[in-house]
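Undergrad: Quick one: the structure is below, questions incoming.
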Amino acid sequence: MTRHEKFLNLATEIASNSTVTKSRHAALITKGKYIVAIGINSKTTHPVMFYKGGSKKIHLHAEIDALNNVKYKDVSGCVMYIARHAAKGHNFSRPCKICLQAIIERGIKKIIYTSDTGYITEHLLRQEKKNFLYG
């Protein structure tokens, strides 16, 4: 079993603890063979988001949770693993555009995420003036 498979298996196991029942995700930030941070998606109440006298439930994405857990550490050059825990079917876990932008801004150079057929690796490139590419 490769290092990528070990980290993705661990992330999948951690994702099973998510409070979001439809889409359980976890993210690991690694440097070499060490885990720097762990994030998990969850339902949370944001104090600013109020509507009609009540609070609105929002989802905290696993990628953002992992980045928040290392907010004062330098993660440039690290790798982020993202996995989805699914009982059956769709396992695709590519970050959304907002999470992808946050990952790139923090200097993470590579993401590896689960797909229906195994996993996908993307090398992230940062361009000038906040234009972002991946490929």
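The values are calculated or read from the model by the stated rules, or taken from the named source; none is laboratory data. Note that the structure is a prediction, hence the values are computed from the model and not measured. Glycine gets a Cβ as well: all are built from the backbone with ideal geometry, and neighbour counts include every protein chain shown. These accessible areas exclude ligands, DNA and RNA; they are computed on the full protein's heavy atoms, side chains included. Shrake-Rupley method; radii C 1.70, N 1.55, O 1.52, S 1.80 Å.
Undergrad: Please identify the pairs in which a residue from segment 59-72 that is open to solvent by 80 Å² or more (accessible area, probe 1.4 Å) has its Cβ atom under 9 Å from the Cβ atom of a residue that is charged (D, E, K, R), counting only partners at least 6 apart or on another chain.
TA: Filtered contacts from segment 59-72: HIS59/LYS43.
Undergrad: Which of the residues spanning segment 78-113 are among the charged types (D, E, K, R), more than 16 Å from ALA37 (Cβ to Cβ) and either out of contact with any strand residue (DSSP E or B) (no Cβ under 7 Å at 6 or more places or on another chain) or assigned to a loop (DSSP other than H, G, I, E, B) (or both)? Write out each step before concluding.
TA: Of segment 78-113, the ones among the charged types (D, E, K, R) are 84, 88, 94, 97, 105-106, 109-110.
Then keep just the ones that are more than 16 Å from ALA37 (Cβ to Cβ); that gives 84, 88, 94, 97.
Passing the criteria: LYS88, ARG94, LYS97.
Yes or no, residue by residue, for (1) of a type in the set (S, T, N, Q); (2) farther than 20 Å from ARG24 by Cα; (3) at pLDDT below 85:
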| site | (1), (2), (3) |
| --- | --- |
| ALA66 | no, no, no |
| ALA86 | no, no, yes |
| GLY89 | no, no, yes |
| GLN101 | yes, yes, no |
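Undergrad: In segment 3-27, which residues are open to solvent by less than 30 Å² (accessible area, probe 1.4 Å), free of Cβ contacts under 8 Å to residues at least 40 places away in the same chain and of a type outside the set (A, V, I, L, M)?
TA: none
Undergrad: I would also like to ask the following. Restrict the check to segment 28-37 and report whether at least one residue is touching a Pro at 6+ places or on another chain (Cβ under 9 Å) and either open to solvent by 60 Å² or more (accessible area, probe 1.4 Å) or at pLDDT 95 or above (or both). Quick ask: steps written out before the conclusion?
TA: Quick first cut of segment 28-37, residues touching a Pro at 6+ places or on another chain (Cβ under 9 Å) only: none.
No, segment 28-37 has no match at all.
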